[in-house]
Amino acid sequence: MGGGAAGASAAQFARKENRSAAIHIFEASTHPEYSRCGLPYALSGEIPSFESLIEYSEEWFQRNKINLHLSTKVVDINASQKTLAFEGAEGDEKAGYDSLIFTTGASPSIPKIESVSAGDRLRKGVFLFRGMDDAKSLKEWCESRARKVLIVGAGLVGLECAEALHKLGHQITVVEYLESVLPMMIDPDMADPLLSEMIKAGIEIKTFAAVESVFGGKDVEGARIRNRNDDHSEELSCDTVILTTGQRPLTSLALAAGCALGRHGHIKVDDRCETNVPGIFAAGDCSEYKDMITKREMPVGMGSLAVKMGEIAGRNAVGGDVRLLAGFLNSRVTKLFGIEIAAVGPLSTELSAAEIKYIQSRVKGSTLPAYYPGGKDLLMKLTASREDVRLLSCQIMGKEGCGHRANVIGALISAGRSAQDLAMLETTYAPPVAPCVDVITTAAQAILIKSRRAGPSG
């Protein structure tokens with residue numbers, strides 16, 4: 001159920017695992033699997049068309065003997081009888097199943113903003129940015145109408161939209177309810193390099209602020225914004241509002257089938273991506289699995305995790321027995337306004353909430369030796385256990401070279417290694433390629449110094 005990244009991967013790996021299984025995908029939209037992560041770049045024109053984002057065409061599914069049902073919505077499930085009812089182009093039908101995989105994804109979370117809707121629809125000039133149809137509608141509008149754009153939410157999607165529309169020449173204001181940008185990706189003290197580049201580009205950013213209302217006649221003319229520090233309100237002129245304030249998992253049918261939800265309201269799965277109902281699996285945005293460090297359940301929001309879970313669920317649904325690692329690290333990366341941002345492992349607030357005592361270093365480095373021209377600055381924050389300096393997380397920012405460094409740290413965290421191991425890690429060196437002492441080992445050395453100063457009691 002669902003033909004996005006998780007669903008298409010599940011079908012693909014189910015076919016690899018079992019050449020004779022009958023595999024059906026029920027997808028409510030009109031599109032076969034495409035990259036949602038690529039939508040901002042198709043919006044800006046860096047990717048030539050939205051159709052370029054389609055990764056598996058209808059013909060691909062046919063060649064692999066996978067039955068893809070587009071514009072088809074599952075409306076009921078009877079788990080005891082292993083049947084489901086669906087509505088498609090040919091009317092209402094029923095089908096039986098041996099295994100069922102929920103890859104139903106999520107729907108946008110619409111904040112309570114006065115006059116943002118007209119009846120049961122968003123008012124003219126207000127947009128979501130969840131799927132291809134949303135992105136196409138926004139691009140068409142912006143090409144003919146938009147000049148001043150207000151983006152509500154400074155998470156990944158919000159800032160990627162901001163960059164895309166800035167490249168198209170629009171005036172951009174971003175409003176974030178929390179204290180800093182990318183609040184689910186990096187700690188606030190790591191945001192400064194990105195904020196500096198955004199301000200330099202002419203982006204107006206308002207953090208710890210709330211959009212209270214949208215006003216205007218037939219068209220959007222502006223919005224009222226409240227500063228959460230002092231409750232001061234101001235009116236901002238805009239003709240377009242984009243809501244990028246998170247998402248809600250689509251779980252109603254899973255609940256009806258008896259599937260248990262986790263602490264965040266997503267479908268809870270084990271290391272086989274199986275729910276508490278035998279034969280029913282879940283993967284992607286609608287699911288949650290435990291965090292490797294905190295051991296707490298976490299929502300699945302990254303495309304890479306959706307694909308990995310889809311593989312596990314698909315193979316197990318047709319008789320395989322493969323398992324995820326003992327938790328996710330939520331490895332994440334993006335590039336915004338020329339700044340590469342990468343992170344792996346929990347945020348500091350998540351570690352504190354799990355009552356994990358930690359020690360941190362925050363160091364600067366470069367991609368090349370100081371004497372060699374062309375090196376790019378790096379800022380790295382490394383976190384380790386206060387008890388035994390076991391690696392817990394890292395965050396890295398710079399013009400380049402952040403993603404692969406985060407991957408190295410992620411591999412060491414997964415293996416249970418310590419800051420001592422990282423400090424002794426052998427890294428490559430050549431003046432035009434990499435420094436003799438990399439920033440990742442410098443950060444580890446700083447952790448060890450802090451740990452020694454703190455003493456055995458921490």
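In the set R15, R36, only one residue is in contact with a Lys or Arg (Cβ under 9 Å, 6 or more places away or on another chain), under 30 Å from H170 (Cα atoms), surrounded by fewer than 22 Cβ atoms within 10 Å (Cβ to Cβ) and of a type in the set (D, E, K, R); that residue is R36. Taking the criterion of being on the phi < 0 side of the Ramachandran plot and assigned to a loop (DSSP other than H, G, I, E, B), the residues of region 386-424 that qualify are R386, E387, D388, K399, E400, C402, A415, R417, M424.
Within region 231-248, is even one residue outside the structural domain of G398 (by TED's automatic domain parsing), crowded, with 19+ Cβ neighbours inside 10 Å and free of Cβ contacts under 8 Å to residues at least 40 places away in the same chain? For region 231-248, residues outside the structural domain of G398 (by TED's automatic domain parsing), crowded, with 19+ Cβ neighbours inside 10 Å and free of Cβ contacts under 8 Å to residues at least 40 places away in the same chain: absent.
Just one of the listed residues (P193, P183) is modelled with pLDDT under 95 and under 24 Å from the mean Cα position of the chain (by Cα), namely P193. Looking across region 9-62, the residues that are free of Cβ contacts under 8 Å to residues at least 40 places away in the same chain and either part of a helix (DSSP H, G or I) or within 23 Å of E87 (Cβ to Cβ) (or both) come down to P32, E33, G38, E51, S52, E58, E59, W60, Q62.
Residue count for region 18-33 satisfying the condition of being surrounded by fewer than 16 Cβ atoms within 10 Å (Cβ to Cβ), closer than 15 Å to N67 by Cβ and of a type in the set (S, T, N, Q): 1. Being in a loop (DSSP other than H, G, I, E, B) and surrounded by 11 or more Cβ atoms within 10 Å (Cβ to Cβ) is the requirement here; does T427 meet it? For T427, the condition - in a loop (DSSP other than H, G, I, E, B) and surrounded by 11 or more Cβ atoms within 10 Å (Cβ to Cβ) - is met. Only one of the numbered conditions (1) touching an Asp or Glu at 6+ places or on another chain (Cβ under 9 Å); (2) at pLDDT 95 or above is violated by D98, and that is (1). Contact annotation: residue pairs with Cβ atoms under 9 Å, 6 or more positions apart or on different chains, pairing a residue in region 183-201 that is free of Cβ contacts under 8 Å to residues at least 12 places away in the same chain with a partner that is charged (D, E, K, R), are P188/E179. Is region 307-329 home to any residue that is assigned to a strand (DSSP E or B) and of a type outside the set (A, V, I, L, M)? Within region 307-329, one or more residues are assigned to a strand (DSSP E or B) and of a type outside the set (A, V, I, L, M).
Among the residues of region 251-291, those identified as touching a Gly at 6+ places or on another chain (Cβ under 6 Å), more than 15 Å from T104 (Cα to Cα) and assigned to a strand (DSSP E or B) are K290, D291.
The values are calculated or read from the model by the stated rules, or taken from the named source; none is laboratory data. Everything numeric in this text was worked out from a predicted model, so none of it was measured. Here the Cβ is made from the backbone with ideal geometry for all residues, glycine too, and neighbour counts use every protein chain on show.
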